[in-house]
Amino acid sequence: MSVVAEFGELKAGVVRTILVRRITLGVFSAVALAVLLFGRFSYLNPLFYAPLGWFLLTFPFKAFIERQRTMQGLHWAHAGFFIIEILLITVLVHWMGGSEWVGSVFYLFTVIYANFFLPRLHGGLITGLVVACYAGLVLLEYAGVIPHRSLFSGLEAPYQSLTYNVATILAGAAGVYVVVAFTVRTFTAIYARKNRLLAARERQLSRMSQRLLFAQDEERRRVARELHDGLIQSLAAIKLRLSSAGGELGEEEKREIGGIVERAIDETRGLAYSLRPPLLDDLGLAPSLNRLAETMAMESGLTIDVQSDLTGRLGVPVESLLYHVAVQALQNVIDHARAKRATITLTPGDERVVLSVVDDGIGLRPEEPQGFGLRGIQERVEVCGGRMAIVATPDGGTRLSVEVPYDGDWTADR
């Protein structure tokens, strides 16, 4: 994500939390008002006016946040609000009895917000300031530097006082826990939104990768066709022309040039076939796998069997993917497995098709890292919505299998 986008998202998140703060502070103000109405308190008691002042503070804070244009400025503006918030809470806690009631709980939301939105350094400073303010208040009251103010002074048995019980239930239980639950749900919604954005970006990247793979296959088809229909035909024409010009060349020269042209034709045909065999476009995957098995068996001496339950054709991307998986898997068997026999199995399912290559070689060697060929197969298959697995067979060989869907997003863009 770019710096500009990250800044915009963070600012939007801070602005959204201002609404949360207003709601939570409105809850505290309502709770305090209920305590004032049912209790024996003066209407000048900061139990009500501190949350109200805190609530009003959110309005200039929102305007100040919206004027910020840099990430650093946004962090310091947010941290400044937290500092003012901490001072207001400390005054409120002092008037509510300091250490004898639930004062330390009221800093909870400031610490949560600060460590969620601010960098580690800023969050640590705010947390340290909270500890310092509350500890300082308690110690100053203990030392007699400032007077201790008890919210429920004169009560010998607070648990028998309706005023104490109402205040504790409303401010302590209903107030704190309802607000904590609301705050947690808000953060959960923020995380859920981020996860949705991340999932959308991953889907976009996956679709882009799929289009690139299909474009690569299309380019392979184009080059293979040009080699087969263009260059090979031209070389064949040269060979025929040389044959008709027999009187102008000696037998030795004619054989030499003819051999060169013949090798060029074979090499070009092999290159075209390796890019994409014409048989794959003309007849489909199963006949192409049979031809592949015959060719690689002749070149390597490996016995290769093909077992296919597939009838009909698959989509062009699916056939191309599975064909190249088979090529790479067989090449891997020839190069590393020391096998004598390999079997290609093609099994269609209800929604997916499975291709597996089994060999009777030396099996998996965990100490050896996965090569580029196998990693390439896995990445290509996963991009296309499939999965790959490599397991040892009971007789000590190896089974490589891939499973891909017949259709999906990766075939819809072609």
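Assorted remarks:
- Among the candidates VAL35, VAL93, the residue that is at pLDDT 75 or above, among the aliphatic types (A, V, I, L, M) and part of a helix (DSSP H, G or I) is uniquely VAL93.
- Filtered residues of segment 96-121 (kept if farther than 25 Å from ALA12 by Cβ and at pLDDT below 80): MET96, GLY97, GLY98, SER99, GLU100, TRP101, VAL102, GLY103, SER104, VAL105, PHE106
- From the options GLY128, GLY136, GLY144, residue that is at pLDDT 90 or above and surrounded by fewer than 12 Cβ atoms within 10 Å (Cβ to Cβ): GLY128
- Between VAL402, VAL381, the distinction of being closer than 23 Å to LEU314 by Cα, modelled with pLDDT of 85 or more, assigned by TED's automatic domain parsing to the domain that holds THR345 and surrounded by 13 or more Cβ atoms within 10 Å (Cβ to Cβ) belongs to VAL402 only.
- Subset tally (residues that are small (Gly, Ala, Ser) and in contact with a Ser or Thr (Cβ under 6 Å, 6 or more places away or on another chain)) for segment 85-143: 1
- Of the residues in segment 296-314, not one is under 38 Å from the mean Cα position of the chain (by Cα), part of a helix (DSSP H, G or I) and either without any contact (Cβ under 8 Å) to a residue 60 or more places away in the chain or buried (at least 16 other Cβ atoms within 10 Å of the Cβ) (or both).
- Residues that are touching a helix residue (DSSP H, G or I) at 6+ places or on another chain (Cβ under 6 Å) and of a type in the set (Val, Ile, Thr), drawn from segment 313-356: VAL325, ILE334, ILE344
- Among the candidates GLY376, GLY363, the residue that is assigned to a loop (DSSP other than H, G, I, E, B) and surrounded by fewer than 19 Cβ atoms within 10 Å (Cβ to Cβ) is uniquely GLY363.
- Residue satisfying all of: in segment 321-353; buried (at least 19 other Cβ atoms within 10 Å of the Cβ) and touching a Pro at 6+ places or on another chain (Cβ under 9 Å); farthest from TYR406 (Cα to Cα) among these: TYR323
- Of all residues making up segment 58-82, the number that are in a helix (DSSP H, G or I) and polar (S, T, N, Q): 2
The values are calculated or read from the model by the stated rules, or taken from the named source; none is laboratory data. Keep in mind that this is a model prediction, so the values were computed, not measured. Reconstructed Cβ throughout: ideal geometry from the backbone, glycine too, with neighbour counts over all protein chains shown.
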